[in-house]
Amino acid sequence: MDQALVGMCVNERRFVKIPPKLAYGSEGVPGVIPPNAVLHFDVLLIDLWNSEDEVQIQTYFKPEKCPRTVQVSDFVRYHYNGTFLDGTLFDSSHNRMRTYDTYVGIGWLIPGMDQGLLGMCVGEKRIITIPPFLAYGEDGDGKEIPGQASLVFDVVLLDLHNPKDGIAIENQLVPESCERRSQTGDFLRYHYNGTLLDGTLFDSSYSRNRTYDTYVGKGYVIAGMDEGLLGVCTGEKRRIIIPPHLGYGEEGRGKIPGSAVLVFDIHVVDFHNPSDSVSITVHYKPSNCTVLSKKGDYLKYHYNASLLDGTLLDSTHSLGKTYNIVLGSGQVVLGMDMGLQDMCVGERRTVVIPPHLGYGEDGVEGEVPGSAVLVFDIELLELVSGLPEGYMFVWNGEVSPNLFEEIDQNHDGEVLLEEFSEYIQTQVDTGKGKLAPGFDFEKIVKNMFTNQDRDGNGKVTAEEFKLKDQEAREEHDEL
């Protein structure tokens, strides 16, 4: 038999015929093998090893990029099929649908596996063959693995990190113009793809067609992302690699397994700080710039509205008409009211409006995203001076001492809305009075009349009728 087994391969089957002189000779084995018996053996070789054997490693796939390999004390996540030398399967992480997660090189594994995992890249596939004295030895594991068994592990490495790791940042695109970088307390809007180290996608803001919006440096996101989002520019693209102790830890979350390294490819759309005010950049101002816009003025202007990343939202140029407002009357967002102050006709400026002075957290459905910073490129084309604050109508000359009698055309001691409206229209048409520009005539006149009609009966009497300067500290828009 010593001669017959030499040269055999695992899984080889041989029929061996042994004459008595090379077996048990003339004595045989009492009660079992008679004297001078020829022996026939049907042999199937299951396993073989030598005391001088070492761990054998056969890599059959290795990624082109291998920025990091497994070192002693690293924590790894891998899948494996475990077989004996004859191919019999004894264990598989694939069947359990869960990776095997462990430290390497510190005795958490059998010695042969500790050796066999060293130097692997994420995504690498290798076959690790371990002799029994570097595996479970003479006793086996007491379950599936018999004593003195060589073990073969077909391994694919999915993940690796070290408990000492911090986040890693790879800049993919940094805009040439970066006037401001994110700081603790800023509010960011960004898109991302979230994957595991092996490339498995677990989440994407693009698939939801909505940015992820959050404060940074305040604990609203995982610690690694809080750190990775600091120092970014609007428009920047970067990759943030986060070890599990700065991600979702040993437990994981949802589609993210426990102890997983996370990879986020982010694109910063915009950011602001809640303390930000409106930013104004003047590109052109006429040499003759004496009349500046103020609250109450009627303005006509062109604009292009966009997001910080350049996405166009709206443009008056495409509509072929100006946008017309009364400044400070609430007809536009507060930031635009602020940004249009102190402009002269012909001036061009860019106004950047943070969301708390724009459309806020809700935005405008289908038009402006929530929490978006707005950029307006503005050209003021026309300015009609408004009236002093609180006035809807002013006289251009002396006021008649018999004003009530003039309005009361039928001299019945009462002024109706129709009489009041006709009189105001006449004063405007003849240039004796001026209405606040930009408002609907009928609405202004009705408002003025209602303020005079103090008892609300639809009529104004001489006792009710007062000019603005006759008011005793009452806040009404009067004549």
How far is it, in nm, from the label point at LYS164 to the one at CYS178 when both lie 7 Å from their Cα along the line to the Cβ? 2.9 nm
Considering the options HIS161, PRO132, GLY142, tell which one lies farthest towards the positive end of the dipole of the stretch 56-161, charges being +1 on Lys and Arg and -1 on Asp and Glu at the Cβ, about the Cα centre. HIS161
Charge dipole (debye, nearest 20) of the chain; +1 at Cβ of Lys and Arg, -1 at Cβ of Asp and Glu: 2380 debye
Hey, any idea what % of the stretch 168-272's accessible area is carbon plus sulfur with a 1.4 Å probe? 44 percent
Between ILE242, THR102, CYS344, whose Cα lies farthest towards the positive end of the dipole of the chain when Lys and Arg beta carbons carry +1 and Asp and Glu beta carbons carry -1, centred on the Cα centre? THR102
When the helix-only estimate is applied to the chain (DSSP H runs of n ≥ 4, each -39,500 (n - 2.57), divided by the residue count), what is the mean residue ellipticity at 222 nm, nearest 500 deg cm²/dmol? -3000 deg cm²/dmol
Can you give the relative contact order of the chain as a percent, counting alpha carbon pairs under 8 Å and 6+ residues apart? 9 percent
Loop only per DSSP, at most 14 neighbouring Cβ atoms within 10 Å: give me the GluC sites (Glu not before Pro) in the stretch 286-392, ordered by residue number. GLU361, GLU365, GLU367, GLU389
Mind scanning LYS62/LYS164; LYS294/LYS432; LYS125/LYS164; LYS125/LYS237; LYS237/LYS300; LYS237/LYS285 and naming the pairs with a C-alpha gap bigger than 28 Å? LYS125/LYS237; LYS237/LYS300; LYS237/LYS285
Out of PHE187, ASN324, SER207, whose Cα points farthest toward the positive end of the dipole of the chain (charges: +1 Lys, Arg; -1 Asp, Glu; placed on Cβ)? SER207
With θ set to phi - 60° and the Karplus curve 6.51 cos²θ - 1.76 cosθ + 1.60, what are the ³J(HN,Hα) couplings of the stretch 350-362 in order, to the nearest whole Hz, using x for Gly and Pro? 10, 10, 9, 10, x, x, 6, 10, x, 9, x, 6, 8
With label points set 7 Å from each Cα along the Cα-to-Cβ direction at ARG13 and VAL428, the distance between them in nm comes to 10.8 nm
Measure nothing fancy, just the Cα-based angle from helix 417-429's long axis to the longest principal axis of the chain, in degrees from 0 to 90, nearest 10. 90 degrees
How do LYS164, LYS443, LYS62 stack up against each other in accessible area, from largest to smallest, with a 1.4 angstrom probe? LYS164, LYS443, LYS62
In degrees rounded to 10, the 0-90 angle between helix 441-452 Cα long axis and the longest Cα principal axis of the chain is 70 degrees
For ARG181 the rounded accessible area (nearest 10 Å², probe 1.4 Å, non-protein molecules ignored) is 110 Å²
Using a Förster distance of 35 Å, the FRET efficiency for HIS411-VAL384 (Cβ separation, nearest 0.05): 0.45
If you rank ARG98, ARG189, ARG454 by how much accessible surface each has, with a 1.4 Å probe, what is the order from largest down? ARG98, ARG454, ARG189
Given 0.36 nm per residue, what is the gain on full extension from PHE441 to PHE41 after removing their alpha carbon distance, in nm? 132.4 nm
At most 13 other C-beta atoms within 10 Å and a DSSP loop state: those are the exposed chymotrypsin sites (Phe, Trp or Tyr not before Pro) I care about. Give me the longest piece of the chain that has none. 221-479
Determine ³J(HN,Hα), in whole Hz, for all residues of the stretch 86-96 in sequence, where each value follows from phi through the Karplus function 6.51 cos²θ - 1.76 cosθ + 1.60 and θ = phi - 60°; x replaces Gly and Pro. 7, x, 5, 6, 10, 6, 7, 6, 4, 5, 7
When you have a sec, figure out the Kirkwood radius of the chain from all distinct Cα pair distances and drop it here in Å to one decimal? 30.9 Å
Work out from phi, with θ = phi - 60° and the Karplus expression 6.51 cos²θ - 1.76 cosθ + 1.60, the ³J(HN,Hα) of each residue of the stretch 333-349, listed in order in whole Hz, and give x for Gly and Pro. 4, 4, x, 6, 4, 6, x, 8, 5, 6, 9, 10, 4, x, 6, 10, 8
Mind checking the dipole of the stretch 1-45: about its Cα centre, +1 per Lys or Arg Cβ, -1 per Asp or Glu Cβ, Debye to the nearest 20? 120 debye
Per residue, in Å², the accessible surface of the chain once ligands and nucleic acids are set aside, probe 1.4 Å: 55 Å²
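The values are calculated or read from the model by the stated rules, or taken from the named source; none is laboratory data. Just so it is clear, the model here is predicted, and its values are computed rather than measured. Backbone-built Cβ (ideal geometry, glycine too); neighbour counts: all protein chains shown. All accessible areas refer to the heavy atoms of the entire protein, side chains included, with ligands and DNA or RNA removed. Shrake-Rupley method; radii C 1.70, N 1.55, O 1.52, S 1.80 Å.
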